Structure formats: structure tokens, C-alpha cells
Amino acid sequence: MSVTLYRLDGCPYCEKVADRLDELGVDYDSVWVDALHSQRNEVKRVSGQRAVPVVVDEDRGVTMAESDRILEFLNVSYADRSS
């Protein structure tokens, strides 16, 4: 499984997504981004914008921003899976 979470230290929306990934037992990598929007070039490259959080799920071909949308995606995609 290849899930990457682009996040900012101290961002409550990023923490909500990280907490849900942990609750669901999803293995993921965190990429910590710069506080300055202008320095978030990697986030821009993968998602087309510089806001975080952004989740990239390579296995499902999904790149998604906005915490509420990400949480909905995680619940649909991972909540009922068998481990």
C-alpha cells in the first residue's frame, strides 16, 4: 500500500486525517511541508495546489485535498476492509 500524507506541523486538519489513518490501521508516509505556501512546491506538483492536507493513494490512483473529503474517502476505502 502506498499512501502519502502531505502535512504541516500543528495543522489541526492534517492531524484529523493522520488520526483517522492511524485508527484505520493504514500504513502511510508523512511528508512534512513548509509553513510558507510559496515553498510548498512538492505539494503543488502532486496536487495542483499548495494547501494541506493532501493524501496520495497510489494503489487507488487518488490524489485528494481538503480534510473532510479525505476523511470520507478513507472511510469508504478502508473502514470495512479485512486485515
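The values are calculated or read from the model by the stated rules, or taken from the named source; none is laboratory data. Because the structure is a prediction, the values reported are computed rather than measured. When we count neighbours, we look across all protein chains shown, and the Cβ atoms used for this are built from the backbone with ideal geometry, even at glycine. The protein model used for the area step is the full one, side chains on, heavy atoms only, and it has no ligands, DNA or RNA in it. Shrake-Rupley method; radii C 1.70, N 1.55, O 1.52, S 1.80 Å.
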Subject >> Any chance Ala51 is open to solvent by less than 100 Å² (accessible area, probe 1.4 Å), modelled with pLDDT of 95 or more and not acidic (Asp, Glu) >> reply: yes
Original post:
Counting only residues that are assigned to a helix (DSSP H, G or I) and touching a strand residue (DSSP E or B) at 6+ places or on another chain (Cβ under 8 Å), which one in the stretch 16-49 is nearest to Ala79 (Cα to Cα)?
Top reply: Leu21
Subject >> Filtered residues of the stretch 1-19 (kept if in contact (Cβ under 8 Å) with a residue 40 or more places away in the chain and open to solvent by 60 Å² or more (accessible area, probe 1.4 Å)) >> reply: Met1, Tyr13, Lys16
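With the requirement that a residue be aliphatic (A, V, I, L, M) and part of a helix (DSSP H, G or I), what does the stretch 53-83 give you?
Of the residues in the stretch 53-83, the ones aliphatic (A, V, I, L, M) are 54-56, 62, 64-65, 70-71, 74, 76, 79.
Residues satisfying the conditions are Ile70, Leu71, Leu74, Val76.
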